[in-house]
Ligand code: C2O
Ligand code: CU
């Protein structure tokens, strides 16, 4: 297997041939894209299942209601949401509604895990329209549980968004992107080595979208809305079309951006979402186009630590290489191609103002030889309060990445605005809107501003590289 791994350092075409290595397995774009079912009951039951994917791969899975990905939840702002989480997987778990602001006992804090039976959720949807998601949040085993299939979309709508008449129904496509590793007999496996746990996170060589390996999907030559969710444990993607075609970013983690932003590539880190408009009637010559993850650079942070991922033979180079994601086959025989008149202003947003800031905090992300990644020098402890915040306060947090690998930092119970980032790159299009997860590259300092209006209680913030999180790169924040 090490052979296949080494192949990753070479050209993307090599990756493809590694995949097919000696078997007939997985020609690119062989399988049609599938869509998760919609949630049809007031229960999410997590149970083990042996799943065959595309007739070729087998995954020793954990599934919500037997579905990979988990069923899609759709709700309108203002609605009440009640659900029973039934835990039949034989290990501790609890569900977190990523990006949603809910009371502390509804948030899936790792202290609330149950090892069997059920946990009742009941809260009011008080979010802007947007692409949220749900996944387990037990301490030290979130990575394997998400990897084995426990993750789904939670899509919220509201009036402001409906007024835009964005593509809907079959023209709105949710895509959860997850990479996985496969052994010689086609089994997907999760077995992070020490350096994977401590340094890079678990990076797979095979891309699954909505549970299908490198799928294809037939689209009409017209505009589509693509709701992207990076549900990978550790891999960052740089979303692009093979031919460099541009697309329009209309939303991020916390819903619509103030203005649409045109771009031809977009970084999306684990936990992040990106809402895109793609017009397949314009500029795509031919009848298909490939969505890829384009190469990008991960700065090294210098020094011994900076070279460590490479020295350990994993990491640095694996993150940032090009990957094929999926193929869109474009059907040009449609009579009318509706166009979208996007207004200049998608959404009215009042971000918190710097004048209201009552406190600034520095959040240092360090790599330590013995412990792995720490937040302000410490590993997670279940009930230790690391940051205390008065309800209603506006704060600026500065994430300082002193380590050699990227950290997508996620804060529960809040949506924030990214203010600035030091270093070689600027803000990216999704960062013009509300965020709950922000990518902090090695050596970067990223400042975010937010107002903590959630109910008082204990929440967490952590790195969304799930191996880092599981290894303790998480901390408690208490709203008082
Ligand atoms: Cu998506 Cu605390 O996680
Ligand atoms: Cu991290």
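Throughout, read-outs are computed from the coordinates displayed, never taken from laboratory work. All of these numbers come straight from a predicted model, not from anything done at the bench. Glycine also receives a Cβ, built like all others from the backbone with ideal geometry; neighbour counts cover every protein chain displayed.
Spatially, segment 106-164 and segment 375-418 are offset by 20 Å when compared through their Cα centroids.
Averaging Cα coordinates gives a centre for segment 36-97 and one for segment 436-480; these two points are 25 Å apart. Taking a ≥ b ≥ c as the square roots of the Cα gyration tensor eigenvalues, segment 372-480 comes out oblate, since a/c reaches at least 1.5 and a/b does not exceed b/c.
At a threshold of 8 angstrom on Cα-Cα distance, excluding pairs fewer than six apart, so keeping six or more, what relative contact order does segment 169-331 reach in percent? Write out the running numbers ahead of the final one.
Working: 358 pairs, mean separation 44.8, N = 163.
About 27 percent, as a whole number.
Using a simple spin-label model with pseudo-atoms 7 Å out from Cα toward Cβ, residue 82 and residue 334 lie 4.0 nm apart. In this rough spin-label picture, where each label sits 7 Å from Cα along the Cβ direction, the residue 376-residue 348 distance is 3.7 nm.
Suppose R0 equals 56 Å. What FRET efficiency, 1/(1 + (r/R0)^6) with r the Cβ-Cβ distance, do residue 124 and residue 285 give to the nearest 0.05?
Details: r = 48 Å, r/R0 = 0.86.
Result of the calculation: an efficiency of 0.70.
By definition, a body whose alpha carbon gyration tensor gives a ≥ b ≥ c is prolate when a/c is 1.5 or more and a/b is larger than b/c, and segment 128-247 fits this prolate description.
Counting only Cα atoms, the chain measures 58, 52, 49 Å along its principal axes, largest extent leading.
Go ahead and collect, in residue order, the members of segment 200-229 whose backbone nitrogen is under 20 Å from a label point 7 Å along the Cα-Cβ direction of residue 263. Of the residues in segment 200-229, 224-229 have backbone N under 20 Å from the label point off residue 263. Quick one: of the DSSP bridges fully inside the chain, what percent are antiparallel, nearest 5? Here the share of antiparallel DSSP bridges comes out near 70 percent.
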